[in-house]
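What follows is one structure encoded as structure tokens, with my remarks underneath.
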Amino acid sequence: MTVVDIDDNLRLLGTAHISKASADAARREVAEYEPDIVAIELCKSRLDALERPDRFDNETLGKVLREGKAPLVLFQSMLAVEQRRMGLAEGEKPGTDLLAAIQAAAESQKEVALVDRDIQTTLRRAWRRMRFREKWRVMSALLFQDEEDEEVKVDELLENTDLITELMGELRDVAPAAGEVLIDERDEFLAGRIQQLRPEGKVLAVIGAGHLEGVATHLRNNMEVDKERLRELNRVEPPHPAWKGVKWGIPVLMLGLFAWMASQGDMAALKEAAITWLALNAVLAALGAAIARGHPLSILTAAVASPITSLNPMLAAGWFAGLVQLNVAAPSTKDLQAFLKLDQLSLFWKNKVGRVLLVTAFANLGSTAGAWIAGSAIIGSLL
């Protein structure tokens, strides 16, 4: 484990969230360093998920779909699978080091402070910051990676800071915007929150080894807490105004074109445009649901909903397809528990919970592609 002393009253412990050695080191540091406060790289929702993973049920899954959070949950779940896959050789669950530090602090009657930004805020900021190409790269890298690739050993990761830097660099290469939010912003946020604790006594901060260098740099260079900057980092950025224009522009343009063709009495052109819109939207949305191995009724729902939802930015074909998948192939308690333990991304297609999320996401992707291709084809036919 790597220990960095900022001064006599602030120590950083860099750990791996899937390492028994890290869990042992966290317990040892709490006992030997004798801090007044143990700062943990967790937010309330992540701590709840670690302590009570059984809270995830069909009702929660349905709420995720209705609120349009399926892509974020899918993204988060895939990242969690990667952690679990790496942790298999260690025989530990992700977060074992952080839970060990919390337990040791409780046993020593030390105050525990959760200093990470809420995971939903982080994921939303990353998702909104990423361009479509970056999202595709990240999802492709996670979904279609070769599971026979050489795995990084946890002990090697902890002992080799150059390897950590290399892995962080790979994330930045695939998705620069995601790297900025998941790494740089969180380094700054963690440092700010830890800095806020310093007047309250001696602090031991248990954080991921990948954040150690960045957090230490911020703490050494910024002795004063910038509260306004922390508030800024803790906000979910609203969509760019231009994006609203794009979202509403296509439906308005399509409806306008249909109305114009009808007013001109050109029924042949209107019929051809309508068939193009219906066919491409239906086929590509259904194809997305089929790739996710959705139930036939889910595939049919995606096909029927897409031509309509593509004309209303407030709706999405994947939401309807996902809800149908949830109802016709409802996950059992066993499926829900298994989903929280998946260690291979290929198992998403075999698990009923994973399949609901995939049906939702892939049907939405197909519907979006159908709208763009159909719109381009219709406009091209009129030029």
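Listing for the model above:
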{"read-out": "Ranked packing of 11-24, 224-237, most packed first, by mean Cβ within 10 Å", "value": "11-24, 224-237"}
{"read-out": "Taking all pairs of distinct alpha-carbon atoms in segment 241-382, Kirkwood radius in angstrom", "value": "15.9 Å"}
{"read-out": "Burial ordering of Asp8, Asp48, fewest other beta-carbon atoms within 10 Å first", "value": "Asp8, Asp48"}
{"read-out": "Added length on full extension, which subtracts the Cα-Cα distance from 0.36 nm per residue, Trp372 to Glu200", "value": "56.4 nm"}
{"read-out": "Protection proxy ranking, peptides 34-41, 64-71, 246-253, average beta carbon neighbours within 10 Å, highest first", "value": "34-41, 64-71, 246-253"}
{"read-out": "Gain in span if fully extended, Thr60 to Ala329, counting 0.36 nm per residue against the direct Cα distance", "value": "95.3 nm"}
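Readers should treat all values here as calculations from the given coordinates under stated rules, not as data from a laboratory. Note that this is a predicted model, so its numbers are computed, not measured. As a convention, Cβ positions derive from the backbone with ideal geometry for all residues, glycine included, and neighbour counts pool all protein chains shown.
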